[in-house]
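Undergrad: Can you keep this structure in mind? I'll have questions shortly.
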Amino acid sequence: MKVTRLGHAMYLLKSKNGKNYLIDPFFDLNPGFPLALDRQDFYDSIDAIFLTHGHFDHVSGLSKINPEKLIIAQYELALILLNNGFTNVFPLNLGGSINLEDVKVTMVPAVHTSSYQETEGKPIYAG
């Protein structure tokens, strides 16, 4: 697996089979995001998105990615996304896993707060 840091909080994982997995899409306000990647073909190349939590600097880029792409997120955040029109969301909880074509993803504990839409008004608790 090749790991590429794309600035604050965001990583691209390229599997041996050529699949692209994105951790925490944060494009527009991310000073480290390479402008050369700010193109639709890059966004379309993402096979699945992993969200660590709901803060804007981890989810705001979802608007640039096809809403039918697979999103793997913590349970409460996953339910919020489903209620907001995302159609292909897989909820995980601590210790839970999902097997994708060429990787297995397991949620592990992390100590951090999680809210959603905190920059757009009243924050929503996101697990």
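The values are calculated or read from the model by the stated rules, or taken from the named source; none is laboratory data. Fair warning: this is a prediction, and the values are worked out from it, not measured in the lab. Reconstructed Cβ throughout: ideal geometry from the backbone, glycine too, with neighbour counts over all protein chains shown. Only protein heavy atoms, including side chains, enter the accessible area calculation; ligands, DNA and RNA are left aside. Shrake-Rupley method; radii C 1.70, N 1.55, O 1.52, S 1.80 Å.
Undergrad: Considering only residues of the range 18-59 that are within 9 Å of the chain's Cα centre (by Cα) and open to solvent by 30 Å² or more (accessible area, probe 1.4 Å), which is nearest to Gly127 (Cα to Cα)?
TA: Thr52
Table: residues versus (1) within 19 Å of Asp44 (Cβ to Cβ); (2) touching a Gly at 6+ places or on another chain (Cβ under 9 Å); (3) of a type in the set (S, T, N, Q).
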site	(1), (2), (3)
Lys64	yes, no, no
Ile80	no, yes, no
Phe86	yes, no, no
Phe90	no, no, no
Gly96	no, no, no
His112	no, no, no
Gly121	no, no, no
Ile124	no, yes, no
Gly127	no, yes, no
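Undergrad: Sticking with this structure for a sec: Considering only residues that are part of a loop (DSSP other than H, G, I, E, B) and of a type in the set (A, V, I, L, M, F, W, C), look in the range 108-127 and name the one that is most open to solvent (accessible area, probe 1.4 Å).
TA: By that ranking, first place goes to Val111.
Undergrad: Now a separate question. I need a count of the residues in the range 18-34 that are out of contact with any Gly (no Cβ under 9 Å at 6 or more places or on another chain) and modelled with pLDDT under 95.
TA: Residues that pass the stated criteria total 1.
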